[in-house]
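Take a look at the structure below.
Values quoted throughout were computed directly from the atomic coordinates according to the rules given, and no laboratory measurement underlies them. Just so you know, these numbers come straight off a predicted model, no measurement behind them. Because the Cβ atoms are built from the backbone with ideal geometry, glycine has one as well, and the counts that use them run over all protein chains shown.
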């Protein structure tokens, strides 16, 4: 498809999450890289790094010749006033104040980021990760990203229920899904749910499956790269890289370890990820069942430490109640590590994992034992490699579809 009259489209890609977001951070970079490679030459791409947290990846893209240095935009000032803090700050106090203002019908003005974008020279904005305030844009059409609808699937968890979080998600999702010119999702299942729950136009969705972080292959994968406290463990361990939210379901993993202990099979669990309020109750539970020396919390770890932690494990356990997709299983596939996952991930992982009911620690214990059988481990590793190849092909197809969809928009926007 050739753009009309040779006119060029100015596209601004917005990177807005912090590095400790984990997989979402790397997914934004990965999708940007694919887009830069697949876009027609008639599209000029600039990148706005909202928090200044993408300097390393953006420099890498420049080194690859995919992005010119002068195309990296700087926000003059993220929060220009108290008003901007009320609108955009993620702190609990400001979230409550924002929710209260909305409940009373008060108008909340545009944030510094959307004000900057709306008055810029770009023709189209692509939010590479969910950006709730995208709906504030008045002058610029936008491409939005939706990661999940877990607040509807599992509203019982405090991280999506308390402090007005559920209401905020509903307001932003219902507006952004309808107002966006295009919506990027990571699975057919999520697309179908968004259409069903919000009545969004099915023609505007583009599916680009998640992929492993591009940095996961850069770290050392031998035992010498393990953190000392893990390298010195006397028992084999299972690995779970997940921030400490209630829905991540670390508790079931520890319960499964206790069941295996009773069977005379002794293993540890290694957890990495920032605490979001779940660690205290989890630690108390672990102590109550006498498993304190079996669960190892490393907190946030640097990307270059992850490959060794994956490779040194017996298997990755993806115990989350939230789905239908997650990135760690794909990274395990890449590093030839067996995967055990909750039933929520069946559509994403196909035959490449052993699945279990996240409420049934005995099922998880059985799955952990199964990975110790040589034949089953070999099957899982081979199936994981094949599944990753399939998802990589679908990612490339999704990137091409997004590029084509942007070109179709180009003809309309530059009339």
**Request:** Sticking with the crude label model, points 7 Å out along Cα→Cβ, report the distance from residue 370 to residue 8 in nm, one decimal please.
**Result:** 5.5 nm
**Complete:** In whole angstrom, the spacing between the Cα centers of the stretch 228-276 and the stretch 354-415 equals 23 Å
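What is the fewest-to-most order of 400, 30 by other Cβ atoms lying within 10 Å of their Cβ? Write down the numbers at each step before the final one.
On the way: 400 15, 30 23.
The most exposed by this proxy come first: 400, 30.
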**Message:** Please report the spacing between the Cα centers of the stretch 288-312 and the stretch 130-166 in Å, no decimals.
**Reply:** 30 Å
**Complete:** Taking Cα atoms, the helix 23-38 axis meets the longest principal axis of the chain at an angle in degrees (rounded to 10) of 50 degrees
**Item:** GNM top mover of 12, 215, 371 - the chain, alpha-carbon springs below 10 Å
**Value:** 215
**Request:** Could you line up 176, 150 from fewest to most neighbouring Cβ atoms inside 10 Å?
**Result:** 150, 176
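Report the gain in length on full extension from residue 292 to residue 92: 0.36 nm times residue separation, minus Cα-Cα distance, nm rounded to one decimal. Can you show the working numbers first?
Values: separation 200, 0.36 × 200 = 72.00 nm, distance 3.14 nm.
Using 0.36 nm per residue and subtracting the Cα-Cα distance, I get 68.9 nm.
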**Request:** Report, in degrees rounded to the nearest 10, the 0 to 90 angle that the Cα long axis of helix 361-370 makes with the longest principal axis of the chain.
**Result:** 80 degrees
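If a/c stays under 1.5 just call it rounded; otherwise compare a/b with b/c (prolate if a/b is bigger, oblate if not). Do that for the stretch 223-390, with a ≥ b ≥ c from the square roots of the Cα gyration tensor eigenvalues. Write out the running numbers ahead of the final one.
Numbers: a/c = 1.31, a/b = 1.25, b/c = 1.05.
Here the stretch 223-390 falls in the rounded category.
At a Förster distance of 35 Å, what's the computed FRET efficiency of residue 59 paired with residue 171, Cβ-Cβ distance as r, to 0.05? Display every interim value, and only then the final one.
Working: r = 36 Å, r/R0 = 1.04.
About 0.45, to the nearest 0.05.
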**Item:** Most mobile listed residue (238, 297, 271) in the chain, GNM with C-alpha springs under 10 Å
**Value:** 297
**Request:** Taking 7 Å along the Cα-to-C-beta vector as the label spot, tell me the residue 393-residue 41 distance in nanometres, rounded to one decimal.
**Result:** 3.0 nm
**Prompt:** Could you give the angle, 0 to 90 degrees to the nearest 10, between helix 165-179's Cα long axis and the longest principal axis of the Cα atoms of the chain?
**Reply:** 50 degrees
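With each run of n ≥ 4 DSSP H residues scored as -39500 (n - 2.57), what mean residue ellipticity at 222 nm is computed for the chain after dividing by its residue count and rounding to the nearest 500 deg cm²/dmol?
On the way: 17 runs with 179 residues, N = 415.
Calculated from helices alone, the mean residue ellipticity at 222 nm is -13000 deg cm²/dmol.
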**Complete:** GNM of the chain, Cα pairs under 10 angstrom: of 70, 49, 366, the biggest fluctuation goes to 70
